[in-house]
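The values are calculated or read from the model by the stated rules, or taken from the named source; none is laboratory data. Because the structure is a prediction, the values reported are computed rather than measured. Glycine also receives a Cβ, built like all others from the backbone with ideal geometry; neighbour counts cover every protein chain displayed. With ligands, DNA and RNA removed, areas are computed over all heavy atoms of the protein, side chains included. Shrake-Rupley method; radii C 1.70, N 1.55, O 1.52, S 1.80 Å.
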Amino acid sequence: MVTLGDRDLELLEFHKIREILAGFTSFSASRQLALDLRPLWDEEEVCLRLRESTEARHLLSLSPDFHIGDVVDIREVVRMARRGKVLEPTALLEIERTLGASRRLKSYLMNLSGELPLLSGLARDIVPLEQLQKDISGCLTPTGDLLDTASSRLASVRRRMREVRQELLTQLQAIIRSPRRQKIIQEPIITERGGRYVIPVREECRRQIKGIVHDVSNTEATVFIEPWATIDVQNELRELTMDERREVDRILRTLSSEVGAYEREISRNIELIAQIDLALAKARYAREAKATEPIMVAAGRNPETKVNKSAGVFRLVEARHPLLGSKAVPLSVEIGRDFSILVITGPNTGGKTVALKTIGLLSLMALAGLPIPALAESHIPLFDGVYADIGDEQSIEQTLSTFSWHIGNIVRINNSATEKSLVLLDELGTNTDPGEGSALARAILLHFLSQGTIAVATTHYTELKALAHTTEGMQNAALDVDPVTMSPTYHLTVGIPGGSNALATASRLGLSAEIITRARHMLSEGAQELGDLLAHLATEQKNIESLRHSLEKKFSEAQQKNAELENKIRQLEAEKQKIIKDVRDQVVREAAGLQKELREATAELRKDKSRKGIERAKKTLTEVREQLNAEVWRARPAVEMGEQEGETGAITVGDTVWLKEVGMPATVLSVSEERGLVEVHAGKVKMTLNLDSVEKRMPSTGAAKTGGAVITRKLSKPSIPLELDLRGKRAEEVELALDDYLNEASLYGLSQVRIIHGIGTGTVRQIVREVLASHPLVTSFRAGEKGEGGDGVTVVSM
């Protein structure tokens, strides 16, 4: 006999969901949790179970084949060990494997604690028991045999057993191979009888060898004799075998006692792993059923209105009955916003009961912490009860009619349901006089409406359809039929009542046309007109839905095209800027090349003191710089290019920038965006820096003086050497390297540096001293003294 709560679970077939879930578990403990699963009425507990399911789905997305490992429910075996029972090696091996899997599971989940806080929280409480695992694995082989190394005593006994056994076999082999004995031996083999080694002797020759007969063959042609010569050795082997058995029993007893000492920790570990595996089972079910966790909202009522406006809205989006698989037709329905009572009508076999069970079963699943086969935007209130009156359970034993059974069920529901409950009523008021049944059904629905209870009822009564149409807080819904074939589509449309279409259904199921025609003539004119009107409304509703879907599709297409156009505009603008950048970079590269040529030319010209050639080269570089400063190569303002106001534009030739390292302004001479370098002129110093070391802005305070001033701010720590080695460089490389080094030395505030040029032919030394003589950062220079490198070095004062 089921309890009141169990009756509703049974009517909605919740037990089948538990069985499906149990099929996704990995071991018996989690399977039992799945089979014992019940809806929860505590908000925190429900939300916690759903979050665990969400985390498990995320875990399977990271590792689709994730498994808890080789875990067995060993709680009963451990309890027996706690009571003193000596465990078999196979049981100890199961314990060892379970402990190892527990430890690995904990380690894996703890590494993902940031992504899986709830599952890792369960794993955190698992006690590893590594020493117990090592003790068991150190004594047993994977097949359950005890290792010789399990104890020194066992190793000693087994070593002696091998020696004695070998000695015994040697003696027996000598007897078999003896020429005198070969005639009496039936077969030249050594066998065993009753734990003693024997040899097969012909029955007629049994008196020719002294020993103990242990067995006779079925044909009585062979006797199995233990020779007298081997009795002492065999006795010793038997004693060693008993010693071995005693030592094995002692080791198993010790291991069992150790297992029993951790009975509480092991049992708790199994409980935690079962909870983790149950969450994984939910995730595996969700993956197969395309299910997800719904949004849980509070349930409640507003006594000032007939509509449950303050309660959480019950909303299913593209929901599917979980037991119908691919045959399920998606159901979308919302109750609790504009109405709290929904009256579903439609033809027989049209899907009314399936829709009712879908609403109830998915609510139970959500309250049990299970994902439901519906879209994630579905809302399920935290009902304090889900009550159902579905089906026909006429009781012959209790002499209850179908109507009596239904009324008894409704009495139970009426006594239990509150404003926070969900009530499901199938074919309300049937199986009795239609007039009285209709009146009773209307009164029941009005009672639940006044109480603020969310209720869904199916019916064929026209009076209930009219009541739902005229009463605030109630609404009609219809299971659609194909207007041409009159066959059900199983699609629910909220807002209009549906026709029963009894004649069409009977005809579709095979009832003769003659009977259908006669029944149609018997219908009153008003009933026929009402049926035609409902069919017309259904057709119009279908047309409206088709038009709405068409408009939504066109709107979506328009949005997509608009997004594509905006993306194309952004691409064109990016291509435009890329073209400008590429051309600018090309000009910058050409300018850099000209500057290099100028330096090389200057080095060559300095040899013959031709100032005219130097001026000509400088004029060429000036022309290139003027070209870069032309308006066509300047970057467009940020606002014009669609950037936010206040953003700093690109650095171009001629810009004034702020040197971050030294805190002073400078003028840009050239820019290489590809290399990320910028050449600037600050006072008398010309230097090449990284682009990220300058800013295109002037500081509000503390601006350094310009117009020929020498840099006075120094970096805190020199990061360049105090000498420059030019030995081995070509003549055309000397001036550029020396100029760069002097710029850096001045920037870091070095007062004196050393230039190593060697003696050689004197060409490098001559170039160095000519450059130093005219360099603006050099105050004086001299040849190195004896301890400084002599004439191979020039000492420079900055």
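Can you tally the net charge around Ala376? Count Lys and Arg as +1, Asp and Glu as -1, for every other residue whose Cβ sits under 12 Å from the Cβ of Ala376. Working shown, then result.
Details: positive: Arg57, Lys290, Arg315; negative: Glu293, Glu318, Glu377.
Surrounding charge for Ala376 is 0.
Among 276-287, 163-174, 782-793, how do they line up by average Cβ neighbours within 10 Å per residue, starting with the highest? Intermediate results must be reported in sequence, preceding the final value.
On the way: 276-287: 23.9, 163-174: 14.8, 782-793: 13.2.
Order by mean packing, descending: 276-287, 163-174, 782-793.
The alpha carbon centroids of the stretch 556-585 and the stretch 155-208 are separated by 97 Å. Remark: the Arg782-Asp232 segment gains 187.0 nm on full extension, using 0.36 nm per residue and subtracting the alpha carbon distance.
Per the 1.4 Å probe, what fraction of the accessible area of the stretch 420-462, in percent, lies on carbon and sulfur atoms? Before the final figure, lay out the partial values.
Values: 810 of 1420 Å².
On the stretch 420-462, the fraction of accessible area on carbon and sulfur atoms equals 57 percent.
Counting only heavy atoms of the protein chains and using a 1.4 Å probe, Trp228 has close to 150 Å² of accessible surface. Taking the alpha carbon gyration tensor of the stretch 249-303, multiplying each eigenvalue by 5 and rooting it gives semi-axes of 45, 18, 5 Å, largest first.
For the stretch 133-251, what does the alpha-carbon gyration tensor say about shape, rounded, prolate or oblate, given a ≥ b ≥ c as the root eigenvalues, a/c under 1.5 as rounded, and a/b over b/c as prolate?
Numbers: a/c = 3.08, a/b = 2.57, b/c = 1.20.
Judged from the Cα gyration tensor, the stretch 133-251 comes out prolate (a/c at least 1.5, a/b above b/c).
Please give the per residue accessible area of the stretch 424-465, computed with a probe of 1.4 Å over protein heavy atoms only, in Å². Could you put the intermediate results ahead of the total?
Working: 1430 Å² over 42 residues.
Accessible area per residue, the stretch 424-465: 34 Å².
Spin-label model, Asp725 to Arg104: label points 7 Å out along the Cα-to-beta-carbon direction sit 5.8 nm apart. Summing Lys and Arg as +1 and Asp and Glu as -1 over all other residues whose Cβ lies under 15 Å from the Cβ of Thr219 gives a net charge of -3.
Stretched out fully, how many nm does the piece from Arg245 to Glu76 gain, at 0.36 nm a residue minus the Cα gap?
Working: separation 169, 0.36 × 169 = 60.84 nm, distance 2.62 nm.
Between Arg245 and Glu76, full extension yields an extra 58.2 nm.
Working ranking of peptides 738-744, 773-779 by packing, defined as the average number of other Cβ atoms within 10 Å per residue, highest first, is 738-744, 773-779. Remark: the stretch 129-218 carries 61 Å² of accessible area per residue (probe radius 1.4 Å; ligands, DNA and RNA excluded).
Other residues within the sphere of radius under 13 Å centred on the Cβ of Pro322, judged by their own Cβ, net out at +4 (K and R +1, D and E -1).
Take the Cα of Lys134, step 7 Å toward its Cβ, do the same at Ser404, and the gap between the two points is 7.3 nm. Projected label points at Arg160 and Leu446, each 7 Å from Cα along the beta carbon direction, are separated by 9.9 nanometres. Compactness of the stretch 187-331, taken as the C-alpha radius of gyration over 2.2 N^0.38 Å, stands at 2.59. A 23 angstrom limit on the alpha carbon distance is what I want to check against. Which of Lys106/Lys282; Lys581/Lys696; Lys282/Lys420; Lys576/Lys660 exceed it? Violating the 23 Å Cα-Cα cut-off are Lys282/Lys420; Lys576/Lys660.
Taking 0.36 nm per residue of sequence separation and removing the Cα-Cα distance, the Glu265/Asn415 pair yields an extension gain of 49.5 nm.
From the C-alpha coordinates alone, can you work out the Kirkwood hydrodynamic radius of the stretch 1-129, in Å?
It works out to 17.2 Å.
Surface composition of the stretch 151-239: carbon plus sulfur atoms hold 45% of the accessible area, using a 1.4 angstrom probe and ignoring ligands, DNA and RNA.
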